[in-house]
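So the structure is just underneath, and the comments pick up after that.
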Amino acid sequence: MTHFKLFDLSLVLPLLAFTLTGCGDDPVGAGGTGTAAFTSWGEEYIEEGIGPDPEGEVGFHDGWSVQYDKFLFTYHDIQVADQDGKVGAKQTGSLVVDNAVPGVKALLSFTELPAKGWSQVSYAVRPATASSVLIAGDPADLALMVERGLSVYVKGTATQGERRLTFAWGFGSSTEYRDCKSEVGGRTQLGIVIKPNVTDVSELTTHGDHLFYDRLRVSPNPSVPTRLRFEERAAADANGDGELTLEELDAAPIDVTKYDPSGLPATTYGGFMRQLVRSVGHFRGEGECTLHAVD
C-alpha cells in the first residue's frame, strides 16, 4: 500500500488536476431523503505496522520498522453542505477514536438528508475536551488527551535490527479539512451524493506513514521521491534511554540534505513532525481535502 500523497501545507491547496464531478442540487432527480454515515479507519500501516523497504516505495528507506500501539484522533465539526454553502447537517460535540484498534469504526450518521449532491464535506481535528466521546480505545488515553489538550496522540515502537526505540507523542494542533474529494468511477468527486433511501458511507481515513515523510510538500520534480525515514529521528534520542520524545526531536535540527521543509517553518525534527501531523487526515482512503492550519 503506497500513500506518498502529501498535502500542500500552505493554507490553501490548489485543486487537483483532474476532472471534478460536480454535485448539482438534485443529481439523482428523484427527491426523497437518504443517510450520510461517517466512519474512521487507520488502514494497515496503523493496525499492522510499517516495515522496511530499500526501494522506499512502501516502507522505511533506511531499514527501520514502526509498530503503533495507539493512534488517537479527535474529530470535530463533521459537516455536509451543498454547493451554495447551505449546511445539511453538522456534528455536535467531538469524538475520539484510536485507529490502532483493528477495524473500521462507526462515528456518526446524518439521517433524512435531501437526496442530492452535497459537494462541501468537511471536518476538523482539534484538542479533546471533557465532553469528548470515546469511540474506540482506552478511557485513560482520552483522559490524558483532555488533560494535556491534545488532538492527536500516537504511541509505538521503532526497531532496526537490535536497535529499539519507544515513542509517545502528543500533538495539540487544530486543523480543518475542507472540500473533501475522492475518486469515484475514475473521476474526482467533490463531497458526496445522497440517493433516496440509501446510506452513503464516507471513511475519514488516517495515514500513519505521513508522520515519517522526509518532505512537507510533494516535489514539483517527479524524479524526486518522497521517502519514509527514521534514522535521523532516532539519533535525536540525546540521553540514549531508548525513549524518543518530542522534546528531544525539538532540540535536533533537521538534516536539510535529506529532509525538505518546503519553505514551511520546520527547522527541527519536532517542528517537522508538527507540520506532518496535519497531513494525516484523509477522505475515503486516498481522497484529499483542502487543509487549513488553525493554529
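The values are calculated or read from the model by the stated rules, or taken from the named source; none is laboratory data. It should be emphasised that the depicted structure is a prediction, and the values quoted were computed from it without experimental measurement. Cβ coordinates were reconstructed from backbone atoms using ideal geometry, including for glycine residues, and neighbour counts include every protein chain displayed.
Restricted to the range 118-134, and to residues there that are assigned to a loop (DSSP other than H, G, I, E, B) and of a type in the set (S, T, N, Q), the residue that is nearest to SER182 (Cα to Cα) is SER119.
Residue check: GLY191 meets all listed conditions (1) surrounded by fewer than 21 Cβ atoms within 10 Å (Cβ to Cβ); (2) at pLDDT 95 or above but one, namely (1).
Here ASP209 passes the criteria (1) surrounded by fewer than 20 Cβ atoms within 10 Å (Cβ to Cβ); (2) within 14 Å of the chain's Cα centre (by Cα) except the one numbered (1).
For the range 127-179, a residue qualifies if it is charged (D, E, K, R) and either closer than 26 Å to ILE50 by Cα or in contact with a Pro (Cβ under 9 Å, 6 or more places away or on another chain) (or both), and the qualifying residues are ASP138, ASP141, ARG148, LYS155, GLU162, ARG163, ARG164.
Evaluating LEU15 against the criteria (1) at pLDDT below 95; (2) in contact with a Lys or Arg (Cβ under 7 Å, 6 or more places away or on another chain) leaves one unmet condition, (2). Highlighted here are the strands (runs of 3 or more DSSP E) found entirely within the range 143-262 that include at least 2 residues which are among the β-branched types (Val, Ile, Thr): 152-160, 175-184, 199-205.
Of all residues in the range 29-51, those that are part of a loop (DSSP other than H, G, I, E, B) have Cβ atoms under 8 Å from Cβ atoms of residues that are among the small types (Gly, Ala, Ser), 6 or more apart or on another chain, in ALA30/ALA115; GLY31/ALA115; GLY32/ALA115; GLY42/ALA100; GLY42/GLY208; GLY49/SER65; GLY51/GLY59; GLY51/SER65.
Counting only residues that are more than 23 Å from ASP62 (Cα to Cα) and either more than 20 Å from the chain's Cα centre (by Cα) or of a type in the set (Asp, Glu) (or both), the range 266-289 holds 2 of them.
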